[in-house]
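Note sheet for the following structure.
The values are calculated or read from the model by the stated rules, or taken from the named source; none is laboratory data. This one's a predicted model, so the numbers in the text were calculated from it and none came from an experiment. Note that we place each Cβ from the backbone using ideal geometry, even for glycine, and neighbour counts take in every protein chain shown. Just so you know, the surface numbers come from the protein's heavy atoms only, side chains and all, with ligands and any DNA or RNA stripped out. Shrake-Rupley method; radii C 1.70, N 1.55, O 1.52, S 1.80 Å.
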2 protein chains.
Amino acid sequence: MSILAVGSIAFDTIETPFGEVKDIVGGSLTYFAVAASYFTDVNLVAVVGRDFKEEHMQVFAGRRIDLQGVEHARGKTFRWGGRYSHNLNSRDTLFTELNVFEDFQPNLPESYGQADIVFLGNMHPSLQISVLDQVTTKRLVGMDSMNLWIEATPSELRDVLKRVDILKVDDSEARQLSGEHNLRKAAGVIQEMGPKMLVATRGSHGSMLFHDSDIFAVPAYPLEDEVDPTGAGDSFAGGFFGYLAQRPKLDSAELRRAVIFGSVMGSFCVEDFGTRRLERLTYDEILDRYRAIKRLTHFDDI
Amino acid sequence: MSILAVGSIAFDTIETPFGEVKDIVGGSLTYFAVAASYFTDVNLVAVVGRDFKEEHMQVFAGRRIDLQGVEHARGKTFRWGGRYSHNLNSRDTLFTELNVFEDFQPNLPESYGQADIVFLGNMHPSLQISVLDQVTTKRLVGMDSMNLWIEATPSELRDVLKRVDILKVDDSEARQLSGEHNLRKAAGVIQEMGPKMLVATRGSHGSMLFHDSDIFAVPAYPLEDEVDPTGAGDSFAGGFFGYLAQRPKLDSAELRRAVIFGSVMGSFCVEDFGTRRLERLTYDEILDRYRAIKRLTHFDDI
């Protein structure tokens, strides 16, 4: 079982009240891939620049990550910088330099043609469509997006959504996409657009899964020390789709477990800068946190 | 088993995007009492004015609510008015007229001397102390407070907290009281102040219970139609303490169940203006929603 995932690889500069890091390897696909690789094989589709050296590839090394689909283009790698408020609950973007990502044309290696799960990371909907068109067989299509595409390319976004099984966005994006403030109503509207399933992450408030008329909600694992929220949503997606990729059946019980593995990976991500915590995880730690969330949320029948 | 509860009874004027009501019977104690009375006997300590007539007492009639401790003072009843934003996630206070509540001196009927649980509703800490001093025997003391007292009477508040077992506040109040943004750390600081247990409500994001080193979290029940959030926190407290009052043992399993009954009563409260939905509840509906929250949050072990 494997995931084909497309998204951004970037150099991130991050300032939080607990320190700052400069030009570390980030981007949505990096977080997604490292998180998902604890569960399944991940085939990446992305672009980096000539400044992305062997040493930068180390984050992917020794993991179940295939880099054949990562193009090294002439130019500089996508760069992003952000600064968090003192409670980490808001951030300002300091700069965004798309660089080689601006002219990215996803080109899948032949070996990528068959995928168990296709994950379309947050990017221009026309690029998401282009990836989807190149995959010959797949079981499930997952997708992420953001306010930028909801506002700038609504019609292209609708075209992708028709071909997507699971949309994973944050709650504010779900509200914006649907035009409904109430999350239950928002989910209903989005389910009419194509995806049968919606996973809405809510930062430190947990996440919700809408699957037909079934609703599942889980609070976030309460960390005592939060260091850097960058990539938490992408890590959630990695855990969620990574778990699903290895399961033959996608029923309500498995989808709920996938949400918990998403929460687990998102919570670890926040414990250190960038992908540092994700990189040094063990599978036992992942299972331990799964059980910790079970203890956190369990209550007896009446 | 019974609860002795002190708090405010008021005439509320409420505007939400779904309508408005004028001079309905509200106040924290009203919500608390109606919610708790589905579980246990509730003895009220409060003050109303001469404008509070027999017809206004109807909200308490036919319930397990004792009104002997409600004083009818010369003057007008406490009045409050508020207007909610279009998403119900913020509100402006339009007016607050304390009236007879300003000179309130709680005076307990002799029959109130023994109580299973004493609940000190949100009010000046010196009034909370005065009530506590008048109760000869009690098993458990619960308390609510708000930003006003945290800022205006910090030292009196500390004095009450030393004598309290369970503090129920919203998450922003817990942060303000402790000076810690992180809820786990905030709980640790508050537990040092006296209360062994902290219940932090988080509006539409659910609630958390901190009990020694045990942490329990539950998401809010996702309502499709929210009408009026006024009193949801007080209704939560009513369900929480009401359930506990009838249970001989207060272990982690019972405390967690109590949080769920709190969530149940808070969620019903929001479905209509004022106490309307709470008033017409059946115990079967309460049990049904408990089970619905169980389904909402359940996931299997790994």
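Tell me which residues, restricted to the range B:279-302, are among the basic types (Lys, Arg) and outside any helix (DSSP H, G or I).
Let us first name the residues in the range B:279-302 that are among the basic types (Lys, Arg), namely B:280, B:289, B:291, B:294-295.
B:ARG280 - this is the single residue of the range B:279-302 that is among the basic types (Lys, Arg) and outside any helix (DSSP H, G or I).
Are any residues in the range B:114-140 closer than 28 Å to B:ASP12 by Cα and free of Cβ contacts under 8 Å to residues at least 40 places away in the same chain, and if so, which ones?
B:HIS124, B:PRO125, B:SER126, B:ILE129, B:SER130, B:LEU132
Please work out if B:ILE14 is open to solvent by 10 Å² or more (accessible area, probe 1.4 Å), of a type in the set (A, V, I, L, M) and in contact (Cβ under 8 Å) with a residue 24 or more places away in the chain.
no
Give the residues of the range B:178-224 that are outside any loop (DSSP other than H, G, I, E, B), touching a Pro at 6+ places or on another chain (Cβ under 9 Å) and either among the β-branched types (Val, Ile, Thr) or open to solvent by 10 Å² or more (accessible area, probe 1.4 Å) (or both), sorted by residue number.
Once the filter is applied, which keeps residues that are outside any loop (DSSP other than H, G, I, E, B), touching a Pro at 6+ places or on another chain (Cβ under 9 Å) and either among the β-branched types (Val, Ile, Thr) or open to solvent by 10 Å² or more (accessible area, probe 1.4 Å) (or both), the range B:178-224 yields B:LEU183, B:ARG184, B:GLY203, B:SER204, B:HIS205, B:ILE215, B:VAL218.
Residues that are without any contact (Cβ under 8 Å) to a residue 60 or more places away in the chain: which strands (runs of 3 or more DSSP E) entirely in the range B:61-113 hold 2 or more of them?
B:65-72, B:91-97
Tell me, please, whether a residue that is of a type outside the set (Asp, Glu), touching a His at 6+ places or on another chain (Cβ under 6 Å) and farther than 21 Å from A:ILE117 by Cβ can be found in the range A:57-68.
First, the residues of the range A:57-68 that are of a type outside the set (Asp, Glu): A:57-65, A:67-68.
Retained after the next criterion (residues that are touching a His at 6+ places or on another chain (Cβ under 6 Å)): none.
No, because not a single residue in the range A:57-68 is of a type outside the set (Asp, Glu), touching a His at 6+ places or on another chain (Cβ under 6 Å) and farther than 21 Å from A:ILE117 by Cβ.
If a residue has to be at the interface with chain B (Cβ under 8 Å from one of its Cβ atoms) and without any contact (Cβ under 8 Å) to a residue 12 or more places away in the chain to count, how many in the range A:202-237 make the cut?
Counting residues in the range A:202-237 that are at the interface with chain B (Cβ under 8 Å from one of its Cβ atoms) and without any contact (Cβ under 8 Å) to a residue 12 or more places away in the chain gives 2.
Inspect the range A:269-278 for any residue being closer than 20 Å to A:GLY231 by Cα, open to solvent by less than 10 Å² (accessible area, probe 1.4 Å), touching a Lys or Arg at 6+ places or on another chain (Cβ under 6 Å) and part of a helix (DSSP H, G or I) and give the result as yes or no.
no
From the residues in the range A:271-293 that are touching a residue at least 24 places away in the same chain (Cβ under 8 Å) and within 14 Å of another protein chain (Cβ to nearest Cβ), which one is nearest to B:TYR290 (Cα to Cα)?
Looking at residues that are touching a residue at least 24 places away in the same chain (Cβ under 8 Å) and within 14 Å of another protein chain (Cβ to nearest Cβ), I get A:ILE293.
What are the residues in the range A:177-197 that are over 19 Å from the mean Cα position of the chain (by Cα) and more than 13 Å from chain B (Cβ to nearest Cβ), if any?
Of everything in the range A:177-197, those that are over 19 Å from the mean Cα position of the chain (by Cα) and more than 13 Å from chain B (Cβ to nearest Cβ) turn out to be A:SER178, A:GLN191, A:GLU192, A:MET193, A:GLY194.
In the range B:240-268, which residues are open to solvent by less than 30 Å² (accessible area, probe 1.4 Å), over 17 Å from B:SER204 (Cβ atoms) and not aromatic (Phe, Trp, Tyr)?
The answer is B:GLY242, B:LEU244, B:ALA245, B:GLU254, B:LEU255, B:ARG256, B:ALA258.
Looking only at residues in the range B:238-257 that are within 12 Å of another protein chain (Cβ to nearest Cβ) and out of contact with any strand residue (DSSP E or B) (no Cβ under 8 Å at 6 or more places or on another chain), which one is nearest to B:GLY194 (Cα to Cα)?
Filtering first and then ranking leaves B:ASP251.
Select from the range B:96-119 the residues that are over 20 Å from B:HIS72 (Cα atoms) and in contact with a strand residue (DSSP E or B) (Cβ under 6 Å, 6 or more places away or on another chain) and write down the one among them that is modelled with the lowest pLDDT.
Filtering the range B:96-119 for residues that are over 20 Å from B:HIS72 (Cα atoms) and in contact with a strand residue (DSSP E or B) (Cβ under 6 Å, 6 or more places away or on another chain), the one modelled with the lowest pLDDT comes out as B:GLN114.
Would you check which residues across the range B:211-244 are of a type in the set (A, V, I, L, M) and within 14 Å of the chain's Cα centre (by Cα) and list them? It would help to see each step written out before you state the result.
Kept after step one, since they are of a type in the set (A, V, I, L, M), are these residues of the range B:211-244: B:215, B:217-218, B:220, B:223, B:227, B:232, B:237, B:244.
The answer is B:ALA232, B:ALA237, B:LEU244.
Looking at the range A:158-176, which of the residues that are free of Cβ contacts under 8 Å to residues at least 60 places away in the same chain, open to solvent by less than 60 Å² (accessible area, probe 1.4 Å) and under 25 Å from A:SER90 (Cβ atoms) is nearest to the other protein chains (Cβ to nearest Cβ)?
Looking at residues that are free of Cβ contacts under 8 Å to residues at least 60 places away in the same chain, open to solvent by less than 60 Å² (accessible area, probe 1.4 Å) and under 25 Å from A:SER90 (Cβ atoms), I get A:ASP171.
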